[in-house]
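Notes follow the structure.
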Amino acid sequence: MNWRTMENRPASLYLQDLKQSSNSSRRDLLPFTSFFISPSPSPPPADVVISPNVPYMTAELIIALLSTLGNLLVCTAVGLNRKLRTVTNYFLVSLAVADICVGMIAIPCAILTDAGLPRYNLYLCLLMLSVLIMFTQSSIFSLLAVAVERYVAIFMPFRYRILMTPRNAVLVILATWLLAFLIGLVPLMGWHKTPPDSGYCFFVLVVDMTYMVYFNFFACVLAPLIIMFVIYAQIFVTVKQQMRRIGPEQRSRAEGQSRAAASIRREMKMATSLFLVLFLFTVCWIPLHIINCFLLLCPRCPVPLELLLTAIILSHANSAVNPFLYAYTMTTFRDTFKAIFLCSRTLGDREVSNLTNREETNTRPN
């Protein structure tokens with residue numbers, strides 16, 4: 001996501017360079033980092049050519065590649081292994097699809113808008129700036145659906161099979177994606193700034209920070225996160241109480257209590273793994289939203305460029321970490337990933353062996 005041209009910032013050393021560039025007849029080539037530090041929301045001069053930050057672009061491309069390949073692996077694993085086709089994992093597939101879209105669509109759009117592109121096309125610019133908001137919102141709703149599903153499994157076990165059917169899961173997923181797209185498209189519906197005369201497509205020049213802070217962060221990100229943390233806190237407290245209650249009874253009773261204890265331990269392990277997904281999402285995204293709050297509520301507070309770029313990269317990196325987390329914490333996912341890699345390796349070895357045998361047959365004298 002592009003967070004340049006910070007409003008009402010203290011004057012920087014780059015201001016003189018920009019003024020000289022605007023008065024000069026030649027077209028200067030300036031790095032985009034110049035526009036992160038600006039005394040006002042005025043855009044760069046129209047005759048300035050903006051070159052991208054190569055290290056930043058490289059990091060974004062690496063994240064995009066890891067996010068796309070890793071989450072495609074998650075979707076493939078659920079498709080191949082019937083044991084993974086649970087309601088919980090359907091929501092995780094929805095999360096993986098959102099992360100694939102971040103890698104394939106949102107990050108390339110962010111790289112283009114970092115160079116101020118597209119120019120003189122407000123609605124295409126707003127669409128490109130909004131796609132990451134859409135996919136992030138879909139991720140949040142998928143995480144919320146997972147938390148609610150776990151809550152029903154533990155607190156309403158007898159109604160779980162009625163409420164959490166695959167059909168209902170698909171309907172919930174479709175509803176969350178529709179709602180996420182509507183929230184992301186709000187800037188296109190009119191909640192945006194007047195486009196600059198230069199036509200550059202920079203996030204803070206086009207997207208209204210009141211939308212990002214009050215509507216997107218407070219209402220659509222922070223509120224669901226608080227609800228999810230409360231749900232998981234209730235789950236952990238309840239499961240620990242059940243484990244303490246079963247412990248003394250297990251010594252005096254037979255096999256039924258052992259099965260109940262094993263079931264509760266499985267639920268605890270699953271809830272812990274899913275909570276880690278939520279925790280990493282929060283750690284990756286909250287810093288960037290806090291910077292947005294500073295920019296809106298304290299416009300003269302200095303924000304170091306290095307901190308800003310780190311927050312942007314960290315937020316995008318969240319899309320790449322979940323497959324590694326699943327492999328580390330969930331045995332079924334880990335075993336399926338291994339099987340996929342081994343199968344691909346076996347097929348590759350078999351093809352090489354067949355090709356070698358064919359060549360030997362062709363070269364053998366008659």
### Residues of region 200-245: accessible area per residue with a 1.4 Å probe, Å²
41 Å²
### Task
Go through region 318-332 residue by residue and turn each phi into a ³J(HN,Hα) via Karplus (6.51, -1.76, 1.60, θ = phi - 60°); whole Hz please, and just put x for glycine and proline.
4, 5, 9, 8, 4, x, 5, 5, 4, 5, 7, 9, 10, 4, 5
#### Entry: Alpha-carbon radius of gyration plus Dmax, which is the widest Cα pair, for region 156-299 in Å
22.4, 80
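In debye to the nearest 20, how big a dipole does region 179-318 give about its Cα centre with +1 on each Lys and Arg Cβ and -1 on each Asp and Glu Cβ?
Working: 11 positive and 6 negative charges, 194 e Å.
So the dipole magnitude of region 179-318 works out to roughly 940 debye.
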### Query
How much of T272 can a 1.4 Å solvent probe reach, expressed as accessible area in Å² and rounded to 10?
60 Å²
### Message
Once neighbouring chains are kept in place and the probe is 1.4 Å, which whole percent of the accessible area of region 56-170 is contributed by carbon and sulfur?
### Response
72 percent
### Query
Taking the Cα-to-Cβ direction at C75 and at L325 and moving 7 Å from each Cα, how far apart do the two end points lie in nm?
2.0 nm
### Query
So how far apart, in nm, are the two label points at E306 and F215 if each is 7 Å from Cα heading toward Cβ?
3.6 nm
### Point-to-point label distance, R161-T272, nm (Cα→Cβ direction, 7 Å offset)
2.9 nm
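Given R₀ = 41 Å, what would the calculated FRET efficiency be for L222 paired with L65, taking r from the Cβ atoms and rounding to 0.05? Display every interim value, and only then the final one.
Numbers: r = 30 Å, r/R0 = 0.74.
Efficiency, from the Cβ-Cβ distance: 0.85.
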### Message
Just want to confirm a number: the relative contact order over region 149-295, from Cα pairs under 8 angstrom separated by 6+ residues, in percent.
### Response
24 percent
### Query
What do you get when you divide the Cα radius of gyration of region 57-119 by 2.2 N^0.38 Å, with N the number of residues?
1.36
#### Entry: Total formal charge among the other residues, if their Cβ is under 12 angstrom from that of L66, Lys/Arg +1 and Asp/Glu -1
-2
### Task
Just report the Cα centroid separation between region 171-204 and region 112-145, whole Å.
7 Å
### Query
Say R0 is 25 Å: what FRET efficiency, to the nearest 0.05, do F279 and K83 get from their beta-carbon distance?
0.45
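The values are calculated or read from the model by the stated rules, or taken from the named source; none is laboratory data. What you see is a predicted model, and the numbers here were worked out from it, not measured in a lab. As a convention, Cβ positions derive from the backbone with ideal geometry for all residues, glycine included, and neighbour counts pool all protein chains shown. When the accessible area is computed, the model is the full protein with side chains, heavy atoms only, and any ligands, DNA or RNA have been set aside. Shrake-Rupley method; radii C 1.70, N 1.55, O 1.52, S 1.80 Å.
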